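These notes are about the structure you will find just below.
The values are calculated or read from the model by the stated rules, or taken from the named source; none is laboratory data. None of these values were measured; they are calculated from a predicted model. No Cβ is skipped: glycine too gets one built from the backbone with ideal geometry, and neighbour counts run over all protein chains shown. Areas reflect the complete protein model, heavy atoms only, side chains present, ligands, DNA and RNA absent. Shrake-Rupley method; radii C 1.70, N 1.55, O 1.52, S 1.80 Å.
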Amino acid sequence: MLLYRSAVWFAKGLREYTKSGYESASKDFIPDELEVQVPGRAFMVTGGNSGIGKATAFEIAKRGGTVHLVCRDQNRAEGARGEIIRESGNQNIFLHIVDLSDPKTVWKFVENFKQEHTLNVLINNAGCMVNKRELTEDGLEKNFATNTLGVYVLTTALIPVLEKEHDPRVITVSSGGMLVQKLNTDDLQSERTAFDGTMVYAQNKRQQVVLMERWARAHPAIHFSCMHPGWADTPGVRLSMPGFHARLGARLRSEAQGADTVLWLALAPTAAVQPSGSFFQDRKPVPTHLPFARTSSSPAEEEKLMEILEELAQRFK
């Protein structure tokens, strides 16, 4: 079944996720939907120092938004912040050094953040694909700690902050790779099977989709969404998937093309009219399951995921 899903997904990807797929889809975009100015609105972009995150932060800065970059690497982040300020002319770019794989640090960061700042839009962009099983200092598998638990803790902690503001939104950059995965709550730390970093990452991305769907139902005042940026030529792809990057080469999307739907979900008034909890690709809601792939999860399975994440989150609070 996994081979079937992977084959269908790759064929779909060559058709839709590449640069040509974006160029085809963009013919239906409404050009002025991103012709907006957002002074006075605050945006948090995790992983905003490179790739899709940096492209997103830059475009928001150009439109006058206050941008909070949440990054792990101080030197790279400071360089990105300086570049965004120079090229956008926007001085309201703040830098926060946070390791999202460390839940204690994430809790502490939000406690300090909410004392000094407001927030209208959270963009969960940061992620990692570690191809060998590694544990954090807390004994957490690193992909899961960053991509799933980190997103859970950061978003949970910021929901009360977002609910106080006008038109609050949460956008999570997921991946079409999640289409090959059924939610599996029995081995969240990848302890029981042979470790495959690509599949672990895809499972994490499936978990993110479930989180956004559940939060959308629980917090109707906030607009939640997940999106797939397509296959983009980013530093993360070049580092974590060199074979894939070499195979697709010039067919990959640019970072700006990958960031387009993130921006649309964060900025466009029409995006907030879409049903909360939806999964988007090229500015349109799309299904979260391939036909006949049997990847749907039951309410009990989803509830188990939420319970495990809440227990872990509280353990490190």
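Laid out as a table, the results:
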item	result
Filter result for residue 5 (out of contact with any helix residue (DSSP H, G or I) (no Cβ under 8 Å at 6 or more places or on another chain) and crowded, with 18+ Cβ neighbours inside 10 Å)	no
Meets criteria (within 15 Å of residue 183 (Cβ to Cβ) and of a type in the set (Val, Ile, Thr)) for residue 288	yes
Answer residue from region 221-239, given it is more than 18 Å from residue 129 (Cβ to Cβ) and assigned to a loop (DSSP other than H, G, I, E, B) and is least open to solvent (accessible area, probe 1.4 Å) among those	222
Answer residue from region 274-315, given it is among the small types (Gly, Ala, Ser) and part of a loop (DSSP other than H, G, I, E, B) and is surrounded by the most Cβ atoms within 10 Å (Cβ to Cβ) among those	277
Pair list, Cβ < 7 Å and 6+ apart or interchain, from region 246-267 residues that are closer than 14 Å to residue 51 by Cβ to residues that are of a type in the set (Val, Ile, Thr) and not in a helix (DSSP H, G or I)	252/18; 253/18; 255/234; 258/234; 262/123; 262/171; 262/173
Count of region 240-273 residues which are more than 26 Å from residue 60 (Cα to Cα) and either assigned to a helix (DSSP H, G or I) or open to solvent by less than 10 Å² (accessible area, probe 1.4 Å) (or both)	11
Selected residue (only one of 25, 11, 7 is at pLDDT 95 or above and under 25 Å from residue 228 (Cα atoms))	25
Residues satisfying the stated conditions in region 15-52, i.e. in a helix (DSSP H, G or I), loosely packed, with under 14 Cβ neighbours inside 10 Å and not hydroxyl-bearing (Ser, Thr, Tyr)	15, 23, 27, 28, 31, 32
Candidate set: region 107-158, residues that are part of a helix (DSSP H, G or I) and among the basic types (Lys, Arg); chosen: the one farthest from residue 45 (Cα to Cα)	142
Restricting region 174-216 to residues that are of a type in the set (Ser, Thr, Tyr), in contact (Cβ under 8 Å) with a residue 60 or more places away in the chain and in a loop (DSSP other than H, G, I, E, B), the residue that is farthest from residue 290 (Cα to Cα)	185
Tally, over region 14-33, of residues that are within 17 Å of residue 255 (Cα to Cα) and either touching a strand residue (DSSP E or B) at 6+ places or on another chain (Cβ under 8 Å) or not polar (S, T, N, Q) (or both)	8
Residues satisfying the stated conditions in region 116-143, i.e. among the hydrophobic types (A, V, I, L, M, F, W, C) and either over 26 Å from residue 160 (Cα atoms) or open to solvent by 80 Å² or more (accessible area, probe 1.4 Å) (or both)	128, 129, 130, 135, 140
Test result for residue 213, open to solvent by 30 Å² or more (accessible area, probe 1.4 Å), over 20 Å from residue 16 (Cα atoms) and of a type in the set (Asp, Glu)	yes
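Residue by residue, here is whether (1) in a loop (DSSP other than H, G, I, E, B); (2) among the basic types (Lys, Arg); (3) modelled with pLDDT under 95 holds:
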position: 59; (1), (2), (3): no, no, no
position: 64; (1), (2), (3): yes, no, no
position: 70; (1), (2), (3): no, no, no
position: 78; (1), (2), (3): no, no, no
position: 81; (1), (2), (3): no, yes, no
position: 90; (1), (2), (3): yes, no, no
